[in-house]
Amino acid sequence: MNIMSTRTGIVVPTLGTRPEYLVGCLRSIRAAGGSFICLVAPSSQNLAGEIESSLWDSIIEDPKIGLAGAINAGVEALPSSIEFCNWLGDDDLLKPGTIIEFEQHLAENKDTVLVYGNCIYIDGPGREIWRSGFGSLAAKLIRIGPCLVPQPGSLFRRSQFVHLGGLNVNLGWAFDFDLFIRMSKVGKLSYLNVDVSAFRWHSDSLTVSQRRKSVAEASKVRYMNYSPLMQKVAGIWEPMIRTATFHGPKLFNK
């Protein structure tokens, strides 16, 4: 890969324990566009010898300070020429050609710090369960409601990620939500009506297995970002948001 002509970097944090998912993930990133792929993995996993070299560009050791810390390390390790970035779970997928379309939008719209599209939710074997359909409303509600901006279906400016200090390593689940709220305060979150990614909703997924803790932490993130006045009255609607966020997926997963 010609690194100098590559504008986007994708970080893939992995434990290396699900090679069948990981290979599919990496192949989907390659098909999505000319991205630099950085794997972040424990030193105990010899991924360089197990995963074909054409599917990744660099592998760095997991700093062992949580998932957010692994992603931060991956973004920091990307070549200096990389302008746009995101991370992708090792069991998730990107749609062909979507990175190129997102790169173009960011290049042409300087006020946009993050662009996102639609995310399809799939089960373990890859069957569609439901798809996100909140569109531009997701960006409008980002500071007062649940996180409806699909992280796997987004791309953001690396410069703003660095400026904002990256992901909050004190958060275990809602660090993407926290990042998106902070990004919304410095620029525009833009929506494109295209299917970008597939998020695998299964019992091994951190988001699914720790659902209650994830919802509680998202509520904490909203409080952190509310104004002092909003914090005083947020108790009126926060229980409803938490309930809707927790039970929402069950309404679709039938």
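The values are calculated or read from the model by the stated rules, or taken from the named source; none is laboratory data. Since the model is a prediction, treat every value here as computed from it, not as a measurement. Here the Cβ is made from the backbone with ideal geometry for all residues, glycine too, and neighbour counts use every protein chain on show.
The table below lists the values:
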quantity: Hey, Ser43 at pLDDT below 95, loosely packed, with under 15 Cβ neighbours inside 10 Å and over 25 Å from Leu167 (Cα atoms) or not; calculated: no
quantity: Yes/no for Ala31 being at pLDDT below 95, more than 17 Å from the chain's Cα centre (by Cα) and more than 20 Å from Asn72 (Cα to Cα); calculated: no
quantity: Which listed residue is part of a helix (DSSP H, G or I) and either surrounded by fewer than 17 Cβ atoms within 10 Å (Cβ to Cβ) or modelled with pLDDT of 95 or more (or both), from Gly165, Gly235; calculated: Gly235
quantity: Residue in region 99-119 that is more than 15 Å from the chain's Cα centre (by Cα), charged (D, E, K, R) and buried (at least 17 other Cβ atoms within 10 Å of the Cβ) present; calculated: yes
quantity: Ala70, sole failed condition from (1) out of contact with any Pro (no Cβ under 6 Å at 6 or more places or on another chain); (2) under 18 Å from Ala174 (Cα atoms); calculated: (1)
quantity: Filter pass, Ile59 being under 19 Å from Leu15 (Cα atoms), surrounded by 18 or more Cβ atoms within 10 Å (Cβ to Cβ) and more than 17 Å from the chain's Cα centre (by Cα); calculated: yes
quantity: Residues of region 14-67 satisfying the condition of being outside any loop (DSSP other than H, G, I, E, B), without any contact (Cβ under 8 Å) to a residue 60 or more places away in the chain and β-branched (Val, Ile, Thr); calculated: Val23, Ile37, Val40, Ile59, Ile60
quantity: Selection count where residues are in contact with a Ser or Thr (Cβ under 7 Å, 6 or more places away or on another chain) and part of a strand (DSSP E or B), scope region 121-147; calculated: 0
